[in-house]
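Inspection log for the structure reproduced underneath, given as structure tokens.
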Amino acid sequence: MSATRIIETAPLGALIRYTDGRPKPPARFTKKLAAWERSNGVGRLVKKDPPRVHQTWTAPASFTLHEGNFSSDGVILVTIMRSHSVDSPLVFEVAEEPTPGQVRVLLDFGGNTELVHLAESVTAAELWITREGYRNARLEIVGEETGGRAGEADIAA
């Protein structure tokens, strides 16, 4: 499916697989393998951005995937996020959707919503918020999103 279809249909928290269609090169070709990995991977959908109009140009709509973290001794040192615009030549597919009952921890800013965590339950989400110190986070239970803000709870940290 196209990047446009991901923006239109994929829910926040879905695992999105993307590919350029080329076969994976052998591990001995490290540069070719690194280039292939930049165009073939999987990540969790954390944000959808509408087109942004600037004075001299317009940024197309896009979405952002969280591809992973590098950590040491339990401390996240680097977070890998990759954004794809609607004009991306890559092919995308929804590999997995969040299951009903899971809880999205969301932050709203700049007119957009970003997924910061996907928890198994409300209790787990509240514990995560307390531990991580996110303020103004809100919860959204997967499967109860219909009707706009139904199924959401505001969390004051």
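Skipping prolines and chain starts, which residues have an amide H placed within reach, meaning under 5 Å, of the one on Ala14, given they are 5 or more residues away or on another chain?
It is Leu45, by chain and number.
Going through segment 17-86, which chymotrypsin sites (Phe, Trp or Tyr not before Pro) have at most 14 other Cβ atoms within 10 Å and a DSSP loop state?
Phe29, Trp57
Which one, Ile76, Ile129, Ile141, has the greatest fluctuation when you compute a Gaussian network model over the chain with C-alpha springs under 10 angstrom?
Ile76
Please give me, ordered by residue number, the trypsin sites (Lys or Arg not before Pro) of segment 56-149 that lie in loop per DSSP and have at most 10 other Cβ atoms within 10 Å.
The qualifying sites are Arg135, Arg149.
Nearest 10 degrees, 0 to 90: what angle lies between the long axis of helix 122-132 and the longest principal axis of the chain (Cα atoms)?
The helix 122-132 is inclined about 80 degrees to the chain.
When Val53, Val42 are ordered from fewest to most other Cβ atoms inside 10 Å of their Cβ, what list results?
Arranged by neighbour count, lowest to highest, Val53, Val42 become Val53, Val42.
Is the C-alpha gyration tensor of segment 35-127 telling us rounded, prolate or oblate? Criteria: a/c under 1.5 is rounded; beyond that, a/b larger than b/c is prolate, otherwise oblate.
Prolate is the answer for segment 35-127, as a/c is 1.5 or above and a/b outweighs b/c.
Most fluctuating residue of Thr56, Thr64, Thr30 in a GNM of the chain with Cα springs under 10 Å: which is it?
Thr56
With springs only between Cα atoms under 10 Å, which of Gly143, Gly74, Gly43 fluctuates most in a Gaussian network model of the chain?
In the Gaussian network model the winner is Gly74.
Would you list which lysines come within 23 Å of Lys24, measuring only between C-alpha atoms, while excluding same-chain residues fewer than 8 positions from it?
Cα-Cα hits under 23 Å: Lys32.
None of the figures in this text is laboratory data; all of them are computed from the coordinates on show. Values in this document were obtained by computation on a predicted structure and should not be read as measured data. Glycine gets a Cβ as well: all are built from the backbone with ideal geometry, and neighbour counts include every protein chain shown.
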